[in-house]
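J.: After the structure tokens below, expect a handful of questions from me.
The values are calculated or read from the model by the stated rules, or taken from the named source; none is laboratory data. Note that the coordinates shown come from a computational prediction; the quantities given were computed from them, not determined experimentally. Positions of Cβ are backbone-derived with ideal geometry, glycine not excepted, and every protein chain shown enters the neighbour counts. Ligands, DNA and RNA are stripped out before the accessible areas are found, and what is left, the full protein with its side chains, is counted by its heavy atoms. Shrake-Rupley method; radii C 1.70, N 1.55, O 1.52, S 1.80 Å.
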Amino acid sequence: LIEAITNAASSIDIATAHLRRDEIYHALTKALARGVSVRIMTDAQEFSPQPFDEGSGKHLDELLGEGGATLRYKVYSVNWSIARAQQMHTKYMIVDNRLVLTGSYNWSETSETKSMENLIALDSESVAKVYSDHFEKLFSYGSGRLNELQDMVKRSRGRAPCHFDPLALSCDEYAAL
């Protein structure tokens with residue numbers, strides 16, 4: 001993953017359930033500094049506390065968003081709960097619309113050091129196109145429905161459905177919800 005990020009020339013699209021590896025964060029930060037477009041779609045549970053370091057109080061995904069990445073969360077509930085999770089569990093990265101890295105590997109310490117995982121690299125524009133189409137679908141989940149949900153909450157004096165059809169929300173949109 002880091003080698004592919006380091007070699008990216010123009011774009012990186014990431015769909016992953018977890019984003020918890022310092023090394024990947026640093027590689028993405030460097031890619032952003034080089035002018036590479038970075039878009040990240042991750043699960044709502046990543047919005048929960050996953051500090052980069054004790055001092056910052058920020059999460060890796062939030063830091064990347066502040067650094068120029070376009071970040072969205074798959075949100076389906078007011079509060080994430082493992083018992084009710086409709087988790088986005090896909091794991092892939094598309095680099096420069098050509099290289100796809102995919103497999104069971106979660107971008108976490110556990111996957112790196114304690115699990116038996118797999119990751120495969122597919123260098124093919126036609127394969128990348130299929131993954132890109134899927135990414136666009138994830139990245140636009142529920143487009144336009146946030147206002148409808150917020151209006152419903154306002155009309156019901158703050159009472160909202162606990163669970164709803166998935167939405168792809170930015171940090172600010174999720175915090176406002």
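J.: Can you go through LEU99, LEU60 and tell me which one is touching a strand residue (DSSP E or B) at 6+ places or on another chain (Cβ under 9 Å) and modelled with pLDDT of 90 or more? Walk me through how you get there before you give the answer.
T.: Working: LEU60 fails: modelled with pLDDT of 90 or more.
Only one candidate passes the filter, namely LEU99.
J.: Take GLU136 and decide whether it is open to solvent by 50 Å² or more (accessible area, probe 1.4 Å) and in a helix (DSSP H, G or I). Steps first, answer last, please.
T.: Working: open to solvent by 50 Å² or more (accessible area, probe 1.4 Å): yes; in a helix (DSSP H, G or I): yes.
So GLU136 passes the test.
J.: With the structure loaded, tell me whether VAL130 is assigned to a helix (DSSP H, G or I) and either among the basic types (Lys, Arg) or open to solvent by 80 Å² or more (accessible area, probe 1.4 Å) (or both) or whether it fails that test. Spell out the reasoning first.
T.: On the way: assigned to a helix (DSSP H, G or I): yes; either among the basic types (Lys, Arg) or open to solvent by 80 Å² or more (accessible area, probe 1.4 Å) (or both): yes.
Yes.
J.: Among (1) β-branched (Val, Ile, Thr); (2) assigned to a strand (DSSP E or B); (3) surrounded by fewer than 16 Cβ atoms within 10 Å (Cβ to Cβ), there is one condition VAL100 misses while meeting the rest; what is its number?
T.: (3)
J.: Something else: Do we have ALA121 as open to solvent by 40 Å² or more (accessible area, probe 1.4 Å) and at pLDDT 95 or above here? Break it down into steps so the answer makes sense when it comes.
T.: Working: open to solvent by 40 Å² or more (accessible area, probe 1.4 Å): yes; at pLDDT 95 or above: yes.
In short, yes.
J.: Report yes if GLU66 is under 30 Å from GLU3 (Cβ atoms) and modelled with pLDDT under 85, otherwise no. If you could, list the steps in order and put the result at the bottom.
T.: Values: under 30 Å from GLU3 (Cβ atoms): yes; modelled with pLDDT under 85: no.
No.
J.: Looking at the range 73-89, is at least one residue modelled with pLDDT of 95 or more, buried (at least 17 other Cβ atoms within 10 Å of the Cβ) and assigned to a strand (DSSP E or B)? Lay out the reasoning, then the answer.
T.: Just the residues of the range 73-89 that are modelled with pLDDT of 95 or more, to begin with: none.
No: zero hits.
J.: OK, next. Consider ILE2 carefully, then state whether it is open to solvent by less than 10 Å² (accessible area, probe 1.4 Å), modelled with pLDDT of 85 or more and touching a helix residue (DSSP H, G or I) at 6+ places or on another chain (Cβ under 8 Å).
T.: On the way: open to solvent by less than 10 Å² (accessible area, probe 1.4 Å): no; modelled with pLDDT of 85 or more: yes; touching a helix residue (DSSP H, G or I) at 6+ places or on another chain (Cβ under 8 Å): yes.
Judged against the criteria, ILE2 is not a match.
J.: Condition test on ARG34, is it among the basic types (Lys, Arg), modelled with pLDDT under 95, open to solvent by 10 Å² or more (accessible area, probe 1.4 Å) and on the phi < 0 side of the Ramachandran plot? Spell out the reasoning first.
T.: Details: among the basic types (Lys, Arg): yes; modelled with pLDDT under 95: no; open to solvent by 10 Å² or more (accessible area, probe 1.4 Å): yes; on the phi < 0 side of the Ramachandran plot: yes.
No; evaluated as a whole, the condition is false for this residue.
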